[in-house]
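Here is the structure we will look at, set down as structure tokens.
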Amino acid sequence: MSDQRSMIRDAMQAIAQRKPGKSKLVYDKTKRTIVAVSEGVPTPQALNITADDADMFGVVTLSSGWLRDKWLSLTKAGSLPVDFSSWDDGDALTQLELCIQGSGTRAAAMLVLGQPQGQTTEGVVISIVPTDKPAHRSDVFVSPDNIAYRAELVEPAATAGRQREVVFADIEPQLDLRRAGILETTVLKDRTVLCIGLGTGGAHVAVELAKSGVGHFILVDRDRLSVGNVVRHPGGISQVGRAKVNVTRDLILEKNPGAQVEVHVIGVGFENRDVIAGLVQASDLVICGTDNRQSKLLINELCVSANKSAVYGGAFRRAYGGQILRVRPKLSPCQQCFVSSLPDEASDVEVSSQDDADAIAYSDRPVAVEPGLSLDVLPIATQLAKLAMLELLADKSSTLNVLKRDFDAPWYLWLNRPEPGTQYADMPPLSDSSDEMTINRWYGIYFERDEQCPVCGDFLSGIAAAYGLDATQLPALPEKE
Amino acid sequence: MELSADFARYVSSCEPDDDAVKTAKKAHEKVRDELKTDEDTKDAHEETFLTGSYRRHTAIHNIEDVDVVCILDLDIQAEGSEPEVVLTWLQGVLDKYYSETRPQGRSIGISAKGVWLDIVPGTPVYQDGPLWIPDRDAKAWVQSHPKGQISAASEKNKDTGGYYVQTVKLMKSWRDRLPTDKSKPKSYILETLVHQTIGLPTSHARAVVNVLEGINSTYGFYRGLGTVPFIADPGLGTVNVAKRWESAEFDAFLDQVKAAASTARQALNATDEAESRKLWRKLFGSTFGA
Ligand SMILES: [Zn+2]
């Protein structure tokens, strides 16, 4: 490997300086790549395995990264135990190292270098033998000493009868392949997203960002998944009782096994102010999916003073629609500016848990937990995730940045159905409207920052102006941290 | 006034001369043949084709360079297929035939008897689709769709009754006369802007007005914001042709567009022939209508 690298470098230098070198760059047809060769030295094998969408029926999938790591032990001992998840809907065997949840039935197997000796009594035996097949195929593994191997399944007599293919998976490159050319995955891998509130919306946003290649997550939620959550939340019935942060972490890792996920089972309130402030500081972007206004305002204050962008999303009651607010400190209106311009009542906020219902009843009247379909919440989560991506990709080149022109409003409104009793009850049908508000649409709405906003503006001079005072004579506000 | 005869004569004076065309043809045919038959490239070679303004018939005056895409059978994920390695390998091959080869960001430049050729290696993303093109600076393979660019240009030319190609030439000629280098966009950016704004003109004069006013109204908003908008490649919408355009350069260009749009509108609206010609000359120089 390193030998081939340095030979390539030598050859490149020789070409750049137009002087003959020890090595020469040549095209290798079997590997479809450029290799460096020098006289008398055999061409080393390129170390690359890509799987395509081959027929995956009945295949056995082994992690090539794992096998490369274990190669020395395997060559020394001659055999190595390996565990699989076994799925009976196609007899697929997936190596446990590739399964975050480790579901399916556990199946033990033995990797054997060369043909297995003697009688195989129980379990699956996978024999690894040298091959002439080209190295880039998914059923070929190239060992650290550059020899190509294929693997062959020796099943116990009872289950045998059909040839199964053993493929090797290089997880990261294969995951990245479908994003290449659309997203700067290298940028997203380095980005840290703080997700506060992992209900249906928050958890979906987190999983979408994981699929897009975001590499670091900090998850905050105090709740556990309940049976009532399951119809909307991406977490399923087998996860009931677990902390939502842990459920979401596992969903993230299923999609992006390389991600780093930090979890905190805490609520957002003044008692946790310092902890949350520290997490905000450690992140590049904050995604707020909490339902209650108080926690949003606290998060807003922490984000503005730490100069971190934040995206707030939520559904209206019964999820007849929803809204997203994106706050870029000092550049766009903040959550406080937004709330100040709204009446202080809870009627248009979807409340999805009893705790939130209790917390949100400013008027001392009981607030009901509002039902809403996952189908109605998902469009909000997807839009939120897209806005989050644009924030994460700010100033970076990406195909997604074409959306910047379309998504430049601070506030987005989504209307999902003409809910009776709301101002949208009489919206025209989607089919015959041209420029009126209709269902199934997003509306970008522009509104101004409050220059005298107590969080993001100059509060003192606002007060001074209102009362006809000289601002310089007023006592200073306590320093914000 | 539309001064159709003046415009027609001016456009034809912008055409590359026959000798330049002949030399360019000889040069690209030679290198394409070399790539096809050379011992080091023949296994990798799948096809070569011409691209760039020369291929899209939007070149003016001297043909400054001719772009040749060489499609290779490459696994870009494989070790050894890094953009820099592939470009250097290609340079090594071309060194055998040309005394002047130059590594460039996405191609190898070669000087062949007065014609500069850019040899761009590429490998298809999918059959007949965009190509992966090596980007030395980004150390990555990036997508580009030269064949999409060619067909986008030829369709636009058909849709506009032939005004597209000629308007690109007019706009390039206008650009070349701008007072500062900073304000002169790269040819392909300009071509893309013409593509976006030309509309369905009925004369050269209207096409020029459409383009200048169109650029001003579409992109004027971004002037002074310190950011350059995403300008989608007509050949492949996910590619931003303005990716390397500095915001100071963008602003300087938009300043010129704003002034030129107003001049062009006055020239078109002018009812006096001499007055109109005088105004068009402000954009295209004293040879216009001479
Ligand atoms: Zn504010």
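Among the residues of the stretch A:425-459, those that are modelled with pLDDT under 80 and under 22 Å from A:PRO379 (Cα atoms) comprise A:SER431, A:SER433, A:SER434, A:ASP435, A:GLU436. For the stretch B:14-54, give me each residue that is touching a strand residue (DSSP E or B) at 6+ places or on another chain (Cβ under 7 Å), assigned to a helix (DSSP H, G or I) and under 24 Å from B:GLY148 (Cβ atoms). Passing the criteria: B:ALA24, B:HIS28, B:VAL31, B:ARG32, B:LEU35, B:LYS36, B:GLY52, B:TYR54.
The single condition among (1) modelled with pLDDT under 90; (2) more than 16 Å from the ligand (Cβ to nearest atom); (3) buried (at least 18 other Cβ atoms within 10 Å of the Cβ) that A:GLN336 does not meet is (2).
Out of curiosity, is A:THR382 out of contact with any helix residue (DSSP H, G or I) (no Cβ under 6 Å at 6 or more places or on another chain), more than 24 Å from B:ILE231 (Cα to Cα), more than 14 Å from chain B (Cβ to nearest Cβ) and away from the ligand (no atom under 16 Å from the Cβ)? For A:THR382, the condition - out of contact with any helix residue (DSSP H, G or I) (no Cβ under 6 Å at 6 or more places or on another chain), more than 24 Å from B:ILE231 (Cα to Cα), more than 14 Å from chain B (Cβ to nearest Cβ) and away from the ligand (no atom under 16 Å from the Cβ) - is met.
Per-residue answers, yes or no, for (1) more than 9 Å from chain A (Cβ to nearest Cβ); (2) under 13 Å from the mean Cα position of the chain (by Cα):
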position	(1), (2)
B:ARG55	yes, yes
B:ALA59	yes, yes
B:VAL68	yes, no
B:LEU72	no, no
B:GLN77	no, no
B:PRO83	yes, no
B:TRP89	no, no
B:ASP95	no, no
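Can you spot a residue in the stretch B:7-24 that is under 23 Å from the mean Cα position of the chain (by Cα), of a type in the set (S, T, N, Q) and more than 30 Å from B:ASN157 (Cβ to Cβ)? No, the stretch B:7-24 contains no residue that is under 23 Å from the mean Cα position of the chain (by Cα), of a type in the set (S, T, N, Q) and more than 30 Å from B:ASN157 (Cβ to Cβ). Using the structure shown, decide if A:TYR412 is assigned to a loop (DSSP other than H, G, I, E, B) and aromatic (Phe, Trp, Tyr). Here the answer is no, as A:TYR412 does not meet what is asked. Evaluate the following for A:VAL327: is it within 11 Å of the ligand (Cβ to nearest atom), at pLDDT 90 or above, within 25 Å of the chain's Cα centre (by Cα) and of a type outside the set (Lys, Arg)? Taking the combined requirement at face value, the residue satisfies it.
Within the stretch A:339-361, restricting attention to residues that are hydroxyl-bearing (Ser, Thr, Tyr) and either away from the ligand (no atom under 12 Å from the Cβ) or more than 23 Å from A:GLY269 (Cβ to Cβ) (or both), which residue is modelled with the highest pLDDT? By that ranking, first place goes to A:SER341. Scan the stretch B:228-239 and report the pairs whose first residue is more than 7 Å from chain A (Cβ to nearest Cβ) and whose second residue is of a type in the set (Ser, Thr, Tyr) and surrounded by fewer than 21 Cβ atoms within 10 Å (Cβ to Cβ), with Cβ atoms within less than 6 Å and a gap of 6+ or a chain change. So the pair list comes out as B:VAL228/B:SER247. For the residues B:PHE288, B:PHE230, B:PHE284, B:PHE253, the requirement of being under 18 Å from A:LYS404 (Cβ atoms) and among the aromatic types (Phe, Trp, Tyr) singles out B:PHE230. For the stretch A:1-31, filtered to residues that are facing chain B (nearest Cβ under 7 Å) and not aliphatic (A, V, I, L, M), the residue that is farthest from A:ASP145 (Cα to Cα) is A:ARG18.
How many residues does the stretch A:277-309 hold that are touching a strand residue (DSSP E or B) at 6+ places or on another chain (Cβ under 9 Å) and within 14 Å of A:PHE217 (Cα to Cα)? Residues in the stretch A:277-309 being touching a strand residue (DSSP E or B) at 6+ places or on another chain (Cβ under 9 Å) and within 14 Å of A:PHE217 (Cα to Cα): 9 in total. What's the total number of residues in the stretch B:256-290 that are surrounded by 14 or more Cβ atoms within 10 Å (Cβ to Cβ) and touching a residue at least 24 places away in the same chain (Cβ under 8 Å)? Qualifying residue count, the stretch B:256-290: 18. Can you confirm whether the stretch B:113-134 contains a residue that is touching a Lys or Arg at 6+ places or on another chain (Cβ under 7 Å) and in contact (Cβ under 8 Å) with a residue 60 or more places away in the chain? Yes, the stretch B:113-134 contains a residue that is touching a Lys or Arg at 6+ places or on another chain (Cβ under 7 Å) and in contact (Cβ under 8 Å) with a residue 60 or more places away in the chain.
The values are calculated or read from the model by the stated rules, or taken from the named source; none is laboratory data. Bear in mind the structure is a predicted one, so any value in this text is a computation, not a measurement. Cβ atoms come from the backbone with ideal geometry, glycine included; neighbour counts cover every protein chain shown.
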